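Trainee: Starting off with a structure, shown below.
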Amino acid sequence: DPLFVINVEADGRFVVEQINRAHEMGVGLKLADIRGRAVTEVLPPEVAARVVDSYRHTVATGEIYQYREVYTLRGEPQHWDTTLVPLRDSEGRVVKVLGSSRNVTAQVVAEEALRQSQKMEAMGQLTGGVAHDFNNLLTPIMGALDRLHHKALGDERDRRLIAGAL
């Protein structure tokens, strides 16, 4: 799993301390390029704002925070399940945020495809049922029209209407 460690600075900034290889590959950033830099300097502004809000939430509550978020990274929407764990110093102040993120985009896409497939299957069953019921309604009508046609009842106009209905 992609793992990361973020320092919580006294001035309220969140600074990258560590990311593992899986996280480098997932977000497309190298540790050597981002270590010691604020998250707001490393990520696109709209992504950084949401990430920082999650870190602030973790610091404020002092509790483990789990969430799913959609980020646009490298031009594509990506779904990430993230867990943030606050780490405290001896005085009880949150000084680091440990995180684990998993890119679940493939799973989300597969789940959506399955939902669409299930919708189509339900629609097929519904239309098949309607067609079957319609056929059940038409069968006695066709039988009655056929009987009238063979008996040659009515005048010429009636016989043309019966033949047309058949």
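Trainee: Looking only at the range 85-101, filter to residues that are within 20 Å of LEU3 (Cα to Cα) and without any contact (Cβ under 8 Å) to a residue 40 or more places away in the chain; which one of those is nearest to the chain's Cα centre (by Cα)?
Mentor: Step by step, filter the range 85-101, then rank; the result is VAL85.
Trainee: Do we have any residue at all in the range 121-144 that's more than 16 Å from VAL8 (Cβ to Cβ) and part of a strand (DSSP E or B)?
Mentor: The initial filter retains those residues of the range 121-144 that are more than 16 Å from VAL8 (Cβ to Cβ), namely 121-144.
This time we only want the ones that are part of a strand (DSSP E or B), so: none.
No, there is no match, as no residue in the range 121-144 is more than 16 Å from VAL8 (Cβ to Cβ) and part of a strand (DSSP E or B).
Trainee: Among the residues of the range 102-135, count how many are open to solvent by 80 Å² or more (accessible area, probe 1.4 Å), more than 30 Å from the chain's Cα centre (by Cα) and not β-branched (Val, Ile, Thr).
Mentor: Qualifying residue count for the region: 4.
Trainee: Still on this structure, please answer the following. Counting only residues that are aliphatic (A, V, I, L, M) and open to solvent by 40 Å² or more (accessible area, probe 1.4 Å), which one in the range 27-49 is nearest to the chain's Cα centre (by Cα)?
Mentor: As a first pass, look at the range 27-49 and keep what is aliphatic (A, V, I, L, M): 27, 29, 31-32, 34, 38-39, 42-43, 47-49.
If we keep only those that are open to solvent by 40 Å² or more (accessible area, probe 1.4 Å) too, we end up with 29, 32, 49.
Values: LEU29: 25, ALA32: 33, ALA49: 21 Å.
My answer is ALA49.
Trainee: Just to verify a result, which residue in the range 6-26, among those that are within 21 Å of THR72 (Cα to Cα), out of contact with any helix residue (DSSP H, G or I) (no Cβ under 9 Å at 6 or more places or on another chain) and among the aliphatic types (A, V, I, L, M), is surrounded by the most Cβ atoms within 10 Å (Cβ to Cβ)?
Mentor: The residue in question is ALA22.
Trainee: Sticking with this structure for a sec: Being out of contact with any His (no Cβ under 7 Å at 6 or more places or on another chain), part of a helix (DSSP H, G or I) and among the polar types (S, T, N, Q): is that true of GLN107 here?
Mentor: Working: out of contact with any His (no Cβ under 7 Å at 6 or more places or on another chain): yes; part of a helix (DSSP H, G or I): yes; among the polar types (S, T, N, Q): yes.
When the stated conditions are applied, GLN107 passes them.
Trainee: State which residue is most open to solvent (accessible area, probe 1.4 Å) when the search covers only the range 60-101 and only residues that are farther than 24 Å from GLU9 by Cβ and among the aliphatic types (A, V, I, L, M).
Mentor: VAL70
The values are calculated or read from the model by the stated rules, or taken from the named source; none is laboratory data. Nothing here was measured: the structure is a model prediction, and the numbers come from that model. Glycine also receives a Cβ, built like all others from the backbone with ideal geometry; neighbour counts cover every protein chain displayed. Heads up: the accessible areas ignore ligands, DNA and RNA and are worked out on the full protein's heavy atoms, side chains in. Shrake-Rupley method; radii C 1.70, N 1.55, O 1.52, S 1.80 Å.
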